[in-house]
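The structure under discussion appears below in the form of structure tokens.
Any read-out appearing in this document is the output of simple, stated calculations on the displayed coordinates, not a laboratory observation. Note that the structure is predicted; figures quoted are calculated from it, not measured. Note that each Cβ is placed from the backbone with ideal geometry, even for glycine, and that neighbours are counted across all protein chains shown.
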Amino acid sequence: MLSQLVCACRKDCVVIQCLIKHIKISPFVQLKYDPNSSCSYFVTFLILVNIAFSFVVYVLHTNIIFMQCLMGGAYFLHSPALYDDLPVVYTTWSTISNRTIIFEAYEETGINCFIAAGLYLVVFVFSFWQYRVNKSLQAYTIR
């Protein structure tokens, strides 16, 4: 697997010493020793959040991405229910009755919803990746 590297014990342990020197450089890498085996180490890469937090973020962001895409679609369809949420100052009648200003505000807000959905998608992919890395390492955890 990409998330870990298993090193078998050698008499000179050159591989382990090279790994220990490399690990001091990177803060995202952990070295763990298996006491049941004679000199076996495994290195885990890029575990930034625990499995519970990554799962909660993963589940919540599935709903948020869906909702943001629906909101962006509703804004692009110029839904009258979302008229009060537009970033338009309703001070004069000419602003309220001008269709181009109102439709531009609808489209601008719809684009903002899709941008937010894209950012939530990035966090969703990151949390899904962290969940899979943590899940794959649970099989190798020694208790």
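Some values worked out for this structure:
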read-out	value
Estimated vicinal HN-Hα couplings, Hz - segment 113-123 in sequence order (Karplus 6.51, -1.76, 1.60; Gly, Pro = x)	5, 5, 5, 5, 5, x, 5, 5, 5, 4, 5
Positive-pole candidate from Asn112, Phe66, Ser127, dipole of segment 51-138, charges at beta carbon	Ser127
Separation of the Phe126 and Ser97 label points, Cα + 7 Å toward Cβ, nm	4.9
Rounded to the nearest 20 debye, dipole of segment 51-138 from Cβ charges on Lys, Arg, Asp, Glu	460
Kirkwood Rh (inverse of mean 1/r, distinct Cα pairs), segment 51-138, angstrom	14.8
Separation in nanometres of the label points that stand 7 Å from Cα toward Cβ, at Ile111 and Leu77	2.2
Length-normalised contact order of segment 56-119 in % [C-alpha pairs under 8 Å, at least 6 apart]	50
